[in-house]
1. Hey, among the residues in the stretch 153-170 that are open to solvent by less than 20 Å² (accessible area, probe 1.4 Å) and at pLDDT below 85, which one's farthest from the chain's Cα centre (by Cα)?
2. Return the residues of the stretch 95-120 that are modelled with pLDDT of 90 or more, surrounded by fewer than 14 Cβ atoms within 10 Å (Cβ to Cβ) and within 15 Å of residue 4 (Cβ to Cβ); say none if nothing qualifies.
3. Please state which one of 279, 299 is of a type in the set (A, V, I, L, M) and open to solvent by less than 40 Å² (accessible area, probe 1.4 Å).
4. Tally time: how many residues in the stretch 256-271 are within 26 Å of the chain's Cα centre (by Cα) and either under 14 Å from residue 316 (Cβ atoms) or not in a helix (DSSP H, G or I) (or both)?
5. Select, from 248, 304, 274, 308, the only residue that is open to solvent by 20 Å² or more (accessible area, probe 1.4 Å) and either in contact with a strand residue (DSSP E or B) (Cβ under 6 Å, 6 or more places away or on another chain) or part of a helix (DSSP H, G or I) (or both).
6. May I ask you to list pairs of residues, at least six apart or on different chains, whose Cβ atoms are under 8 Å apart, with the first in the stretch 190-212 being more than 20 Å from residue 282 (Cα to Cα) and the second being surrounded by fewer than 13 Cβ atoms within 10 Å (Cβ to Cβ)?
7. Please count how many residues of the stretch 171-210 are open to solvent by 70 Å² or more (accessible area, probe 1.4 Å) and closer than 21 Å to residue 128 by Cα.
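The values are calculated or read from the model by the stated rules, or taken from the named source; none is laboratory data. These figures come from a predicted structure and were not determined experimentally. A quick note on method: Cβ atoms are made from the backbone with ideal geometry, for glycine too, and the neighbour counts reach across all protein chains shown. Please note that ligands, DNA and RNA were not included when accessible areas were found on the heavy atoms of the full protein model with its side chains. Shrake-Rupley method; radii C 1.70, N 1.55, O 1.52, S 1.80 Å.
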Amino acid sequence: MRNLARISLLLVIVLVVVSAYLRLHESGIGCPDWPACYGMIGQNPDQQGANMAESAYQRIVAESDAPLAWAAPLHRLVASLLGLAVLGLAGLAIRAKKHRLVCIVLLGLTVFLAVIGIRSGSLHSPAIVMGNLVGGFTMLGLLGWLVFRLGLGSARYTQTHIKHLRPWVLLALVMLCLQIILGGFTSANFAGTSCQTLPDCQGTYLPDATLYTAFKLTGSREVNESGMAVGGLERIAIHKAHRVGAILAFAAILAAGIAGIMGTGPSRNVAFLLLLLLVAEFTIGIASVMSGLPIALAVAHNWLAGLLLLVLLKMLALSHERWAPD
């Protein structure tokens, strides 16, 4: 079961990265006309402008579908293998009467993401975008937790406790998850390029009341006849919220990392890795804004968020155990 869980975790890491690449590429990021083609995906809610947008989109696809020629089949292959692995995990968990709840939830998420995947072409829908993103990261977190708990089960323990880590790690996890959700809404609103200055955005730092509109999951996001994403002040507001969330998450994760370094046992090595990933993620976030959001940095931003989630879950798993050196 431990080996199958590790294989599943590796598959979901690949799936999260490839999904992010497909989502970002098909929203226009990385196309030859970037950023003029930003947001030109799916069906334009304005039917009159849809034909012009579709014609332009087909030209873009013809020029830039080479990456999709390998990414889309890879995504389907990895998703299929992951589905079989999760089904096997659920069977083993039920037979062994261990970790049944986690494995059954994982199986349910697999079915949910498969259904969402059928409609993933409707990326104008914030509900589809958020369903894909939140579902994928939830699977990543649950598989990471399962792997870490199974790995700790065979360790030798003494009276050395690292319980002091738990509150800091839980706080960091909550802030990171909220930040991932804010990042999803930023992507769903095509707001990644709505603020291109630092540290302020349009002369201010905090989002205004239009932020509420950015959180609406109903309806679709529009693009104009040129393929540009159409939106109001809510796009700027959600981008600002994502920046504020980044600062709060950075502080919480930094505190967890410092607490881990001050601890004993394996938490110190994990804490060093956490701080390294934190600096890399923050740096890439800034570089993405300053360089116009190239697709390589956008995908790396998603990938590092997933790694931060896994490292924090590793620290949380350690905080539940006693540890002794070999």
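1. Ranking the qualifying residues of the stretch 153-170, first place goes to 162.
2. 95
3. Of the residues listed, the single one that is of a type in the set (A, V, I, L, M) and open to solvent by less than 40 Å² (accessible area, probe 1.4 Å) is 299.
4. Of the residues in the stretch 256-271, 7 are within 26 Å of the chain's Cα centre (by Cα) and either under 14 Å from residue 316 (Cβ atoms) or not in a helix (DSSP H, G or I) (or both).
5. Numbers: 304 fails: open to solvent by 20 Å² or more (accessible area, probe 1.4 Å); 274 fails: open to solvent by 20 Å² or more (accessible area, probe 1.4 Å); 308 fails: open to solvent by 20 Å² or more (accessible area, probe 1.4 Å).
So the residue among 248, 304, 274, 308 that is open to solvent by 20 Å² or more (accessible area, probe 1.4 Å) and either in contact with a strand residue (DSSP E or B) (Cβ under 6 Å, 6 or more places away or on another chain) or part of a helix (DSSP H, G or I) (or both) is 248.
6. 210/232
7. Qualifying residue count for the region: 1.
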